[in-house]
Structures are given as structure tokens and as C-alpha cells.
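A.B. asks: Take this structure first; my questions come after.
The values are calculated or read from the model by the stated rules, or taken from the named source; none is laboratory data. Being a predicted model, the structure only gives us computed values, none of them experimental. With ideal geometry, Cβ positions are generated from the backbone for all residues, glycine too; neighbour counts draw on all protein chains shown.
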Amino acid sequence: MGIPVNEEGDAHQGMHATQRQQMIERHQDSLDYFGYAPQALYWGTHEEQLARFSMLAGIGVRNGDSLLDVGCGFGDLYRWLSSRDLAVDYTGLDISPEILAKGRELNPALGLVQGELFDFDWAPQSFDWVFLSGTLNWDVGEGSAYARRVIRRMFTLCRFGVAFNLLDIRTLDMAGIGEIVAYQPHKVLAFCESLSPGCSLYSDYIEDDFTIYIRREQP
Ligand SMILES: C[S@@+](CC[C@H](N)C(=O)[O-])C[C@H]1O[C@@H](n2cnc3c(N)ncnc32)[C@H](O)[C@@H]1O
């Protein structure tokens with residue numbers, strides 16, 4: 001813990017300080033407005049939030065595995081896994097102190113930490129699985145560069161694999177949703193395949209969304 005945010009926004013791997021502040025404020029506003037609800041996380045419906053969880057878990061999470069959830073929101077992934085009888089050793093991290101405070105209130109026993117991925121100096125392969133749902137849907141002003149840094153770091157931290165979702169630029173109607181960012185699935189897949197040959201792409205579970213699994217090759 002404790003790598004400072006770089007005011008210049010380039011040497012540090014994290015997002016620019018201005019973007020970080022905006023991210024925190026938009027989630028504070030949404031939480032004030034909606035309270036504990038998927039809409040506070042900018043999800044359309046609870047069903048879509050859970051469909052994304054189901055897709056992530058499909059990579060092969062088992063009882064007792066450790067899991068890092070990047071941009072964990074309220075820790076709803078943990079609650080969903082528990083409801084499926086999957087007891088994982090869960091760590092959630094989120095940039096929004098307000099969202100996280102609500103998450104701690106709902107799940108007092110969970111390991112929830114505040115910040116972005118680059119604020120923490122976990123050793124390589126510290127977690128069996130590293131998941132991300134919805135966290136890279138905001139435009140932080142760097143094209144796809146920030147997402148690539150996050151995915152690369154997620155892969156470094158996993159022992160077995162990474163699962164994440166992004167918005168699909170092929171189908172998402174971007175009109176009127178200026179600060180959202182969507183991606184070309186096959187371009188993201190090609191980047192992931194530069195990290196590991198064990199990648200799969202899925203885009204048939206809900207509209208405008210795709211999921212990628214990156215499995216670490218076992219020695
Ligand atoms: C769309 S919400 C999804 C939350 C959770 N994954 C879920 O599906 O319930 C995205 C979350 O990521 C957090 N977030 C956004 N950018 C982040 C970043 N770079 N690092 C960590 N958290 C981030 C937001 O505060 C928000 O809680």
C-alpha cells in the first residue's frame with residue numbers, strides 16, 4: 001500500500017489525479033441519490049449485474065479459492081458467490097470511499113480496501129483469481145491504455161486466471177453517454193493473448209457486454 005498518485009498522470013501506472021477525483025465524486029453522487037442499489041454502480045438492472053457475475057465465475061472458481069475483485073462496489077460479487085455455496089477468500093478493492101463504506105456496513109467481515117490497483121504492492125500471483133466487473137467502463141482519457149495496464153497487472157497478480165468484462169463497441173449505442181468507454185472485443189482479446197495463450201472471449205450472455213478469461217498456463 002502507499003504508492004502516491006502522480007499529479008502528472010504519466011509515470012504512475014494509475015489514472016490521473018483529476019480522473020480519480022471525478023470517479024470518486026460521481027460514485028458519491030450516485031450513492032447519495034440511489035442508496036444501496038445497482039444503479040448507484042451505474043448498472044441498469046440487478047439481473048444484468050448478476051449475469052455478469054455468473055459469467056466471471058464460469059472460469060472455474062472453487063470453494064476456498066482466493067479472489068481479488070477489482071472495483072468491487074458493495075461486494076455484491078461475494079454475496080452472489082456465497083448464495084451459490086462458493087465460499088471464497090475474498091478481497092475487494094474500490095476507488096470510492098463512500099461505496100466501500102456501504103460495502104463494509106453490509107459485509108463487516110469482508111476484506112475491503114480503498115484505492116486503485118496500482119496503489120497496492122501485492123506480490124505476483126497473490127490471488128488464485130482476479131476478477132473485474134464494470135470497473136473499466138468509464139473513459140479516463142487514455143484510450144485503451146489504462147485498461148491494458150489494469151489487465152496486465154491483474155494477470156501478474158493471479159495464480160490461476162483473470163476474468164473481466166467490458167462494454168462492446170460493436171453494439172452499444174454511445175449516443176448521449178459521453179463518459180462511457182466501449183471496446184472492440186477482438187482487439188482486447190489479442191492484447192490478452194500477448195499475456196497468455198489461454199484466453200477465451202464470450203459475448204452471448206447479455207447485450208453490449210463481453211467477458212474475457214485469461215488462464216495462466218500451469219507449469
Ligand atoms: C460498475 S461498478 C461495478 C461494481 C461491482 N464490480 C459490481 O458489479 O457490483 C464499478 C466500480 O468500480 C469502481 N472503480 C471505478 N474505477 C476504478 C478503478 N480504477 N479502481 C478501482 N475501483 C474503480 C467504482 O467506484 C465502482 O464501485
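A.B. asks: Give me the pairs: first residue in the range 59-85 and charged (D, E, K, R), second residue away from the ligand (no atom under 15 Å from the Cβ), beta-carbon distance under 6 Å, and six or more apart or on different chains, which are they?
C.D. replies: ASP65/ASP128
A.B. asks: Being within 14 Å of the ligand (Cβ to nearest atom) and of a type in the set (D, E, K, R) is the filter here, so list the residues in the range 89-143 that pass it.
C.D. replies: ASP94, GLU98, LYS102, ARG104, GLU116, ASP119, ASP139, GLU142 - these are the residues of the range 89-143 that are within 14 Å of the ligand (Cβ to nearest atom) and of a type in the set (D, E, K, R).
A.B. asks: If you don't mind, there's one more thing I want to ask. Could you please tell me which pairs satisfy a Cβ distance under 9 Å, a separation of 6+ or placement on different chains, a first residue in the range 42-53 that is closer than 15 Å to LEU132 by Cα, and a second residue that is of a type in the set (Asp, Glu) and near the ligand (Cβ under 10 Å from one of its atoms)?
C.D. replies: Close Cβ pairs (under 9 Å, with a partner that is of a type in the set (Asp, Glu) and near the ligand (Cβ under 10 Å from one of its atoms)) amount to GLN49/ASP76; LEU50/ASP76; PHE53/ASP76.
A.B. asks: So, one more: Of the residues SER133, SER126, SER196, SER200, only one is touching a Phe, Trp or Tyr at 6+ places or on another chain (Cβ under 6 Å) and of a type in the set (Gly, Ala, Ser); which?
C.D. replies: After applying the criteria, what remains is SER200.
A.B. asks: Here's a follow-up. Step by step: first the residues of the range 144-165, then only those that are over 16 Å from LEU93 (Cβ atoms) and within 11 Å of the ligand (Cβ to nearest atom), then the one that is surrounded by the fewest Cβ atoms within 10 Å (Cβ to Cβ). Which residue is that?
C.D. replies: Here the answer is ALA147.
A.B. asks: Determine which single condition SER54 fails, assuming it passes every other condition in (1) more than 24 Å from TYR202 (Cα to Cα); (2) of a type in the set (S, T, N, Q); (3) more than 11 Å from the ligand (Cβ to nearest atom).
C.D. replies: (1)
A.B. asks: Please find, among GLN28, GLN39, the residue that is in contact (Cβ under 8 Å) with a residue 60 or more places away in the chain, surrounded by fewer than 22 Cβ atoms within 10 Å (Cβ to Cβ) and touching a Ser or Thr at 6+ places or on another chain (Cβ under 9 Å).
C.D. replies: Among GLN28, GLN39, only GLN28 is in contact (Cβ under 8 Å) with a residue 60 or more places away in the chain, surrounded by fewer than 22 Cβ atoms within 10 Å (Cβ to Cβ) and touching a Ser or Thr at 6+ places or on another chain (Cβ under 9 Å).
A.B. asks: I would also like to ask the following. From LEU31, LEU77, grab the single residue that is within 10 Å of the ligand (Cβ to nearest atom), in contact with a strand residue (DSSP E or B) (Cβ under 6 Å, 6 or more places away or on another chain) and either under 20 Å from ARG104 (Cα atoms) or modelled with pLDDT under 95 (or both).
C.D. replies: None of the others qualify; the one that does is LEU77.
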